[in-house]
Structure formats: structure tokens, C-alpha cells
1. Compute the Kirkwood hydrodynamic radius of region 364-435, taking the inverse of the mean of 1/r over all pairs of distinct Cα atoms, and give it in Å to one decimal.
2. In percent, how large is the relative contact order of region 28-361, given Cα pairs closer than 8 Å and 6 or more residues apart?
3. Answer rounded, prolate or oblate for region 288-346, using the Cα gyration tensor with square roots of eigenvalues a ≥ b ≥ c: rounded when a/c is under 1.5, else prolate when a/b is larger than b/c, else oblate.
4. Report the longest stretch of the chain that contains none of the GluC sites (Glu not before Pro) sitting in a DSSP loop with at most 14 other Cβ atoms within 10 Å.
5. Relative to the compact globular guide of 2.2 N^0.38 Å, what is the alpha carbon radius of gyration of region 28-361, as a ratio?
6. So how strong a dipole does the chain carry about its Cα centre when Lys and Arg Cβ are +1 and Asp and Glu Cβ are -1, to the nearest 20 debye?
7. With contacts defined as alpha carbon pairs under 8 Å and 6 or more residues apart, what's the relative contact order of region 304-442 in percent?
8. Anyone know which of G110, G204, G101 comes out most mobile in the 10 Å Cα GNM of the chain?
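Please treat every number below as a calculation from the coordinates, not as lab data. It should be emphasised that the depicted structure is a prediction, and the values quoted were computed from it without experimental measurement. Glycine also receives a Cβ, built like all others from the backbone with ideal geometry; neighbour counts cover every protein chain displayed.
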Amino acid sequence: MDLYSQLRRFGVLDTHVPRYTSYPPTPHFTDTVGAMDYGRWLARIPEGSEVSLYIHIPFCQRLCWFCSARTQGAPGGAPVASYVDTLIREARAVGAALPPGVRARSVYWGGGTPTILSPADITRLSCAVHSAIPLTNDAEITVEVDPTEIDDARMDALAQMGMTRASIGVQDFDPEIQKIIGRAQSFEATKAAIDGLRARGVDGLTMGLLYGLPKQRRTSLARLTQLLLTLSPDRVTVQPYAHVPAIARRQSLIPTADLPTPEGQLALFDAAAGVLRWDGFDPIGIDHFALPSDALSTASSRGDLRRCFQGYTDNPGGVLLGLGASAVSRLPQGYAQNAPGTSAYLKAVAAGRFATARGHRLSKDDALRGRMIEMILCDFRIDIAKLLAERLGPVARIEDLLTHMLRQFPGQIARFEGGLRVRANSKAMVRVIARALDAYAP
């Protein structure tokens, strides 16, 4: 059976499968988790822990048609500054609830468009957050950068706050495709932003490609990847465009006639991945690539790679603290998500309480299944010894789950003495394989 026939048989080409950046996925969160739960969970983080921190800036100067993220247009400076005031208040409340010695090993500013903030707002937000939740000495600070929404003053402010990595989405440099998806961003503007940040000592660069856009072809995407590599990133993400206008209404502005078939979409991924491998990048999990010298490659080779909402991380700590509207926190007890609407988020924090609106309390079975899903998406294997060392379940329960997977995918996965692995020719369907462990899947 050829690859496409195999993928079609198991529904890979026709079925929406979660990315499993959380387990359970966020659509299964409910309002049974609230602000009081989150406060108790924060207090139970072990003293001296190293955590990850996510800061959400939901505003964009323009709303790109392809984007399905929770964002909103920025009507002017005052609402954005008011939102920053609320972020500062939330950060101080979270910091006050934490046990002594808790520090942030990684900080990620996402959006939306974080670089829509004024230089003054960047400075006061970073100072307040770092004061409330101190950083480790080697903390990585990543900021999503829109090259069309950044200038010298903003770059100065980002460098002064300690930014170490820029994350820049390219989507595609082809002007025709940019017009179709409502995103104008030239190669020249992108290069100027990267050069400006590097001149200020920000050396880390993650670049994101989106495949499956209208009018993309294998040859054009290969050329795009080669052009992107002239900017010398150390990490590249290659992620599929998901056309879901029922969820992201702005996507209805994108004509569907020139969208590739599912088989065509996989061929596009192969084209970009082939260029990256040829240029010396290591494949990381399902959709990331990194230079061999990068921390993600090191973590992958050691078996220490972990899943996160941005894809993958080398931070072994399991605690994520989310600040801002719709931000998700992950703690040993479960997930807590802030109110998704900006207005509800602002009101909750102004009232002196955490903005938690929903979440999920993890059971022992959730923790085991989630870790097994994470292993298979990071390492394409499940290691029984690691699961036992992390006290996630008895051997009998682990064996039951592995047997269940083998029954569903006998030709795609294989047992070995210490666990289970995905066969090399079946890695393209690893998310479908992982779904066999999902107790919440329909």
C-alpha cells in the first residue's frame, strides 16, 4: 500500500485531528475550573520551580484573512495601553500567589501582534512581569514579531528587556498569494527587521512557513524555503493552513478554488522538508526543524523534547503560566484558561480576581494518556520505563493502552522491549496514531 492510500485509509487526509499541544485539547475544557482552583494550584507549585510564561497580546493593526487565532483589531493606543495595565496587574497577582523561589526559564510573547505595543508599553510590561515573576539567569525570551509593525524604537525596547529570540511568520513571499490571504509582507521588510534585531544582539530566529495556501506549488514552496534560509534562521516551522471559515469567519474571504488537495498539501510539506534537510536542519517532531547546534535538536536527541502550545520546547518543567485574554496555564493539577474575550478578561482582573473562565482538572488517566501522546509526537515512540519513572501508571494499564494501539495500527507501529515505536514510513500519520490514546475523541 502506497503512502497516500495508507493515509486515506486511516482518515489522515479527510479528518481534522488535534495537534495535541494539550491533552485533552482545549475544546474539551469546561467551566468546572475557576479562579479559586487556579489560585490553589499556583500555591502548590513546588518552591524553587522553573516555569514557562506566556503573555498574550490579542491586538493586530490588520486582521489577516488566513489567521484563525483569537485576535482583534486595535482601534488606537489607549485600549492597548489599558490592556497592558491589566496584564501588569495580573502578573503581580500571579507572582504574589507563587511559592518562594519560583522563576521563569522561558517567556513567550504571542498574539496577535506583540510588536504593536509602543516602546514605553514594552518596557513597562517587561519590567513589571520580570519583577513579579523573576527570570532564571539563562531565560529565553521569545517575541512574535511582525516585520511590518516594528521600528528602531521598538527594537531598542525589545533588546533592552532581554529578548533572545524572534519568531516571525512568513506564510509566503509571493505577492499574488499574499494578496489572496490578506497579508502583505515583503522579503525586504522581513530582512530589515531581522537585521535590526541581530544588530541589537537578538540572535535566535524562528521562522514559520504555512503550506496549503491557494496557488502554492511544490516548486514555488521549495524556492520559498530556499529564500527563507538566506535569512539564517536556527529554527523553522512548517505548518499546514487549515481552512475553517466556520470557526474563523475572515477565512471566507479566501477563495477555495485554488486550495490544494489533501495529497497536494502533503506534497508541499515534503518539498519544504526536503530543502530543510538538505540544508542540514534536523526534523523535530511533526512540523519543526532546527540546526544541530540548537537546543531543540539537543533535547530531541536526548529524548527530552516536550510539547507546548507553540509546538515544541526544550523546557522539561511542566508548569506554564499564561497571562492575558484567552491565555492557558498548565499545572500538575490541570489546565486553567483565562476568559477569551478581552472585555471579560479586563473586568475579572479589575475586580481583583484571576480571570480563569474554564479549564480541565486532570485525572490520573488523563495524565498517563497525555504523556503517552506527548512522547509519540515528540519521539515517535513510547518509553515504558520513563512512564514508570514519572509515576504515571501501573505497568498493566500502560500495556493495555499499548495493546489497544497495536490492534488499531498493526502495520504502522511496532513493539520493542521497552515500549512502542512508529514505523519510519508511518510518521506522517502520527497524530492519527496518537488519537488512539485520546479518550475524548468522538
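1. It is 12.0 Å.
2. 22 percent
3. Details: a/c = 4.38, a/b = 2.26, b/c = 1.93.
Prolate is the answer for region 288-346, as a/c is 1.5 or above and a/b outweighs b/c.
4. Answer from the scan: 48-389.
5. Ratio of Rg to 2.2 N^0.38 Å for region 28-361: 0.98.
6. Dipole magnitude for the chain comes out near 1040 debye.
7. 16 percent
8. G101
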